[in-house]
Each structure stands twice: as structure tokens, then as C-alpha cells.
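Report on the structure given below.
The values are calculated or read from the model by the stated rules, or taken from the named source; none is laboratory data. Just so it is clear, the model here is predicted, and its values are computed rather than measured. Virtual Cβ from ideal backbone geometry, glycine too; neighbours counted across all protein chains shown.
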């Protein structure tokens, strides 16, 4: 091979600051005595020190050439042209827009006109060889196997990214007057040895979906995956090694090389490989996305014309971090032959590693560095710091534990309750810990008092940012013991339902005006399991749940969100009169407060334990079986002394439980019996 510079290679690289380019420059600098000139925009000069540190060579061996891709001859000055003319052995053009979601104008400017300007510069410099790093996107959506000697056969490249990649390659083929070679890498992912990647792209878009599955389902549970076309993935280190090796070979002029994985995988296989790497449920059943093709386009267009359908689709795509065009390429139809590349790489030791061997490294790096959730402040302080939080029933139990948590996180914490002494004690306790509560005495169940309280809060604070409807009353009494106690149902409904509504509806107008607010309603696991002996309590909480679902639909577009917490049994003063619960496994108030904090941070529609969800599913799928199970537990546990008519001051009767009842209590932590 002939050299221009006394045996030492001189290179020019565009896109040297990019993910592939930075690594290619380092590879080229590993060659003894080599010098790399690289394009750098003047406004990016601050990056120079970090780049040189990454490359680990002196300034004499890596030299910036200032310019801009969208200018004639990429804006290189006349002095630089004169200095470099006849000095460049290999000119690598990597600078391009690689983003499917980029606008068409910017892609045309950079990918097409930028390539034309670069070709002009390479000619002006009398470079010995021009190397274009293109993409398999240049083939468009070709149906079948696309070979390395194919170009004009490309089809269905209407998408801006595919079109501009095809047109930029055409410029090199038709306008480049010096020897040229084209390289078409597949979808480039992180380093196969470190997992390092610089952005979320390609298969990474599905990582959030896989992560959600892992969070919701145990790893042993079979799941349904999406089957589609073929997807070709290559790690960046293979692309750089292959590009470096092939570009220094003889006999490569006017040829194209596919830097792809010779194996290739279907979309479903790729999703399953990454699911395994993430320890998410294995995908055992696949739904072929091609089936969606049977839906007439007119039907799809008609559905997308409906505002609710568009909003749901956009919300789901946004939540999962998927770009709008992503699903268009699920049925990717093209496979890529790479026999020329394999022949050039034979004996070099450069080969594409198996995706199954390095997928875990890609996943690990994404989850540690690229997961979008890492860049969102998910702390309670970041959520409520400086915000007004109102907790009803905040003088004891769950409410007090939550109040301490919010105040410690920097929230302006308002608590209310009926007992002034308890409120005073709570404030004293907070002051001793270095923060404060603002306490309001009020009986939420009394409508006039409730209205007075709301007016006072509005006058003092102008409204609230977070409302925790925690105040409640629970009655444990079988229906057959309540025939003459209809007032139990009335007073429970008055506080748990009407009281919560009165407070919420009094504060909602302020939230609507500010276009923000979050309401957390403390419901019960009994609503999901239909707990016997709690008909008054469960009915009142179920009414609140139903109202919350309606309100969520009405206020979804006004920045106001609602969370229902189906709280399991918590050891609070409310359950103290039931001696049966003394040895029952329950949540602590602090654990319940953690659930409330998480509800405020993540704002889910519902927070429930797995046991509660299991009970709900059992009632939905096997209602008769669920009734039998609940009736059996109902007969296992006796009524409390109060439910049997015991008077205050009467000596408590020790309640003996059967071994079966004790075992059931231990198994069903948090269930009301």
C-alpha cells in the first residue's frame, strides 16, 4: 500500500466527536505515527480538551479543522485547504443525522447537502481515498435480501431518514471523483465489552417496556411478545474494528460493505433476548405484528382521526419513550447479505459477536446511565418541597406518620383533626424534630365545620398542591348484628365519603385555576376483597373509589391527578378496640406513610398490594369461589365484644382462635377479618 507521508498515515474525519467517530479516531491513532485531522465547529471548541484526553495523544497528532458541514467545502478556510492539500491518505465521512425523529429539513441539510460539501472538500484536498459511512437505511424498506452490490434496487424509502441516507450515498457514487468506498452499518448499539452507549435509539426504545414488565410481573411468568420483521444489530466496537480493517485493504474502490450481524434476528427474538438480560418475564407467546397489516388503511386513518384514540396512543408512546414512527418499522422486511465484508475480515480476528453474549452489558449500561427515569427527581423532597400538603386525620396514626414524612421533606404541611389536644401534641412533636405543622381543628363529618375549614385554608394558603384524604372511620360488625344500627352506615358514609368529597370539591377549583394538583384518597384493601364484617366501611370507601374514577376522567386534561390507595390493615388507634388484631400481622403507620409518599411522587392511578389485587381478580374471575372463601373466613373469626353489645367498662372476653384461623391471619397480612 502506497503512503503519501513518508510511511505515516494522515487522515481526515468528519463526525469525529460522535459515538462511532470518536472511537474510529482512537483506532486510527493506534497506528504508529498516524495523524488525524478532524472537523470541529467553532462553537464546539470547548470539547477539544476532553477529546484529546480521551484519545490520549499529543496535540500534534490530532488536529482540529474548524468548519461547518452545511457550508461549501464544509467551511474549511483557504489556509487549511492549502496546508492539507495532497496530505490526506484516507478521508472518512461519518457526520450525519442518525435520528429517526429529526425533521426532514435538517436531515436534508446535513445528510444530503453535507455529504455533497464533504465530497467537494475531499476532491479539493486530493485525498487518496474517500470512505462514506452510510447505513442499511439506504436500502429503504426493500422486500427480501439486499446485497452489497445493490443500490438502485432500493425501494420504499419515503421516510426522511431512509431517503436522505439513500441520496447521500448516491452523491458519493455519482459525484465523487476520487476512489471511494461505502460502508453500511446495521443498527448500532453500545460496546459489546462495556455496554457504553451515548443515547437511546433503536432497540433501546423498547427497554422501558421491558423494565415495566419486570416491575409488574415475576420473572417466571410467561408473557406475550411482539413478533415482526428482522432487525440487524451490531455493537459499536465491531463497526469501528471492521471499518478500520476494511478501509486499509487494497481493492476496495467503488465497493460497498455491509457491517452487519451475519445471523440477524426477528424483532420477537431481540425482545426476548433483552428480556432475559433484564431478568424480565420470558416471552413465550408472540403476536405477529404483520396481522395488523390486514386492517384496512382507511380504518386505521379513521381511528386516528378520533381525538380519544390519538390521545391514548400518544400517551402510551410517550410513557414508554417510543418515537411516533417506531411502530412503522416493526415489520422491517429487509435482510442483508455481507459476503464481501466477511471476505475482507477473514483472518483479521474481527467478527460480530453474538447478541446473546453481550445483551446483558447493553441492558446494564442503559439501566445505570441512560434510563430516562434516572434524570427525573424521584425524591419526596423534589416532589413536595415548598408545596402545600393537606392531610386530613393528621393528628394520629397513618396521617401523623405521613405528616412527619412530608414536613421532613420540606413541604408546608397542614394537618387537621377533631381533637385539639392531639393536634397540639403532634405540632409539639414536629417542633422537637426540627420542622413544623400547621394544625386546624375541624370535624370533617360536619358539613358547616368542613366549609369553614376550607375557607380558612384558602385564606391562609390560597389552596393546596397535594390533598391526602386520610380521615376515616371503621366499624367491624356483621350485618346480622346491625339490623338496629342503621346509624353505623350513615355516620361512616358521612365521614369517609361525604366528608372527603366536601374537602376535595372545596379545593378543586383552586387546583383547576393553577392547572396542577394531586389528590390521594386512602381507601381499603377491603374494597378489593369485599371483606365480611366491614360492610359499612367498605361501602363508604367503595363509593369514594367510584367517585375518584369519575373525577379522574373529568380532570385528566387539566393537570389534576388522583391516586386511590387500597390500604391494607395498619396498626393504628382505629383498630385498637378490636382485641382480635393484637397478634395479627399488620403494616406500621410508617410503612403506610411510605405508600402515600410514593403515590405523591409517581402519581399512579391506584396503589394496592399483591394480596389485594389477587382478591380482586378472584372476585372478578371466580366470584362463587371468592364468596365461599370469604364466607369461610367470616365464620372462622368471632365478632368483637362491642359488636356483641358489650358496654364500656365491661371486662373484655378473651377470644380463642382455631389453629386454622391463626394460620390464615399470618398468611393474609393486611387483610381485614
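Candidates in the stretch 382-408 are the residues that are assigned to a loop (DSSP other than H, G, I, E, B) and free of Cβ contacts under 8 Å to residues at least 40 places away in the same chain; of these, the one that is surrounded by the fewest Cβ atoms within 10 Å (Cβ to Cβ) is 386. For the stretch 117-128, residues that are crowded, with 19+ Cβ neighbours inside 10 Å and either more than 39 Å from the chain's Cα centre (by Cα) or part of a loop (DSSP other than H, G, I, E, B) (or both) total 7. Looking at the stretch 1-86, the helices (runs of 4 or more DSSP H) lying wholly inside it that each contain 3 or more residues that are at pLDDT 90 or above and farther than 19 Å from residue 239 by Cβ sit at 48-55, 78-84.
Scanning the stretch 129-165 for residues that are under 24 Å from residue 241 (Cα atoms) and buried (at least 20 other Cβ atoms within 10 Å of the Cβ) yields a total of 12.
Screening residue 214 with (1) assigned by TED's automatic domain parsing to the domain that holds residue 23; (2) touching a residue at least 24 places away in the same chain (Cβ under 8 Å); (3) out of contact with any helix residue (DSSP H, G or I) (no Cβ under 6 Å at 6 or more places or on another chain); (4) in a helix (DSSP H, G or I) gives one miss only, at (1). When the criteria are applied in full, residue 430 fails the requirement of being free of Cβ contacts under 8 Å to residues at least 24 places away in the same chain, within 41 Å of the chain's Cα centre (by Cα) and part of a helix (DSSP H, G or I). Of all the criteria given as (1) touching a strand residue (DSSP E or B) at 6+ places or on another chain (Cβ under 9 Å); (2) buried (at least 23 other Cβ atoms within 10 Å of the Cβ); (3) farther than 20 Å from residue 450 by Cβ, the one not satisfied by residue 549 is (2). When the stretch 259-298 is limited to residues that are over 23 Å from the mean Cα position of the chain (by Cα) and assigned to a helix (DSSP H, G or I), the one that is modelled with the highest pLDDT turns out to be 298.
Is it fair to say residue 132 is in a strand (DSSP E or B), in contact with a helix residue (DSSP H, G or I) (Cβ under 6 Å, 6 or more places away or on another chain) and assigned by TED's automatic domain parsing to the domain that holds residue 40? Yes.
For residue 416, state whether it is more than 30 Å from residue 207 (Cβ to Cβ) and in contact (Cβ under 8 Å) with a residue 40 or more places away in the chain. Yes: the conditions hold for residue 416.
Residues checked against (1) under 29 Å from residue 189 (Cα atoms); (2) surrounded by 15 or more Cβ atoms within 10 Å (Cβ to Cβ):
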| site | (1), (2) |
| --- | --- |
| 10 | yes, yes |
| 16 | yes, yes |
| 30 | yes, no |
| 39 | yes, yes |
| 80 | no, yes |
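Conditions tested, residue by residue: (1) crowded, with 19+ Cβ neighbours inside 10 Å; (2) modelled with pLDDT of 95 or more.
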{"position": "437", "(1), (2)": "yes, yes"}
{"position": "447", "(1), (2)": "no, no"}
{"position": "452", "(1), (2)": "no, yes"}
{"position": "461", "(1), (2)": "no, yes"}
{"position": "471", "(1), (2)": "yes, no"}
{"position": "482", "(1), (2)": "no, no"}
{"position": "490", "(1), (2)": "no, no"}
{"position": "493", "(1), (2)": "yes, no"}
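Mind checking which residues of the stretch 344-381 are under 21 Å from residue 407 (Cα atoms), surrounded by 11 or more Cβ atoms within 10 Å (Cβ to Cβ) and either touching a strand residue (DSSP E or B) at 6+ places or on another chain (Cβ under 6 Å) or free of Cβ contacts under 8 Å to residues at least 40 places away in the same chain (or both)? If the condition is that a residue be under 21 Å from residue 407 (Cα atoms), surrounded by 11 or more Cβ atoms within 10 Å (Cβ to Cβ) and either touching a strand residue (DSSP E or B) at 6+ places or on another chain (Cβ under 6 Å) or free of Cβ contacts under 8 Å to residues at least 40 places away in the same chain (or both), then 381 is the only one that fits.
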